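Heads up: the structure comes next, in structure tokens.
The values are calculated or read from the model by the stated rules, or taken from the named source; none is laboratory data. It should be emphasised that the depicted structure is a prediction, and the values quoted were computed from it without experimental measurement. Counting neighbours? That spans all protein chains shown, and the Cβs are built from the backbone with ideal geometry, glycine included.
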Amino acid sequence: MNQAFLQSAEFIDSAAVSIRTYAEETVRPAQSQREKAIALYYRVRDGVRYTPYLNYGDPQMYRASSVLRNGYGFCISKASLLAACGRALGIPSRVGFADVTNHLITPRLLEMNGSKLMRWHAFCEFYLQGTWVKSTPAFNLELCTKFRVMPLEFNGRDDSIFHPFDADQRKHLEYVHEHGSFADVPFAEITATYKKYNPKLLGENAGGDFGADAQTP
């Protein structure tokens, strides 16, 4: 096992006091690592509001302790926080990335991103019972209800990644390219990609209610 998946890092800063406190108060000592990972997943999924209306060039949007303090973030933010919480409890954790086609992208996000292809979509991976398991805490339950997408559940055994269709059988997320898994958020590589393909993401895009932009069928 790569010890980097247990150590605090620049963005997955699991040694931060706030991270350790948050993680420890989420679980019970008698729980197994799988049970703890599940508890962490649901707390981050529903306790940290998802919004893509951020300045993606700001490193604080990627740092777990900053995400926890803000109470909101996008997919990378929340995956970073979840991985940091896992490490704080001794669960090997890392972040994985893929490019996805978002068929239900909102008009404002489409204008920001420039296309339906969302580069560097993130998820967290826990090492549980001898295998890596994906978990995607991006969309909180309230947001899933507004957008009519099926909330992602996590049982600690099976990969939890976005469904290809929403509750109305419209195309939703399509995974098109895997970037692999990392011990820390590859901030320089991600922002270099955005600078080349999605420069508007690096501007001042903060603010606004993403849930209010939900498209109805």
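Points worth noting:
- Selected residue (criterion: farthest from PHE162 (Cα to Cα)) from residues of region 76-90 that are buried (at least 23 other Cβ atoms within 10 Å of the Cβ) and of a type outside the set (Gly, Ala, Ser): ARG87
- Residues of region 178-217 that turn out to be more than 28 Å from SER14 (Cβ to Cβ), in contact with a strand residue (DSSP E or B) (Cβ under 7 Å, 6 or more places away or on another chain) and of a type in the set (S, T, N, Q), as a count: 1
- From the options ARG94, ARG69, residue that is more than 14 Å from the chain's Cα centre (by Cα) and basic (Lys, Arg): ARG69
- Tabulated pairs, region 25-46, first in contact (Cβ under 8 Å) with a residue 40 or more places away in the chain and surrounded by 19 or more Cβ atoms within 10 Å (Cβ to Cβ), second small (Gly, Ala, Ser) and not in a helix (DSSP H, G or I), C-beta under 6 angstrom, 6+ apart or interchain: ALA37/GLY156; ILE38/GLY156; TYR41/SER135
- Leading residue by the ranking (modelled with the lowest pLDDT) among those in region 50-67 that are surrounded by fewer than 24 Cβ atoms within 10 Å (Cβ to Cβ) and hydrophobic (A, V, I, L, M, F, W, C): LEU54
- Residue pairs meeting the criteria (Cβ under 9 Å; at least 6 apart or on separate chains; first among the aromatic types (Phe, Trp, Tyr), in region 81-98; second in a helix (DSSP H, G or I) and at pLDDT 95 or above): PHE97/ILE76; PHE97/ALA79; PHE97/ILE190
- ALA84 vs. criteria under 13 Å from ARG45 (Cα atoms) and of a type outside the set (D, E, K, R): no
- Of the listed requirements (1) farther than 27 Å from GLU204 by Cβ; (2) in contact (Cβ under 8 Å) with a residue 24 or more places away in the chain, THR145 misses just one: (2).
- Matching helices (runs of 4 or more DSSP H) fully within region 12-98 where at least 2 residues are among the basic types (Lys, Arg): 33-47, 75-88
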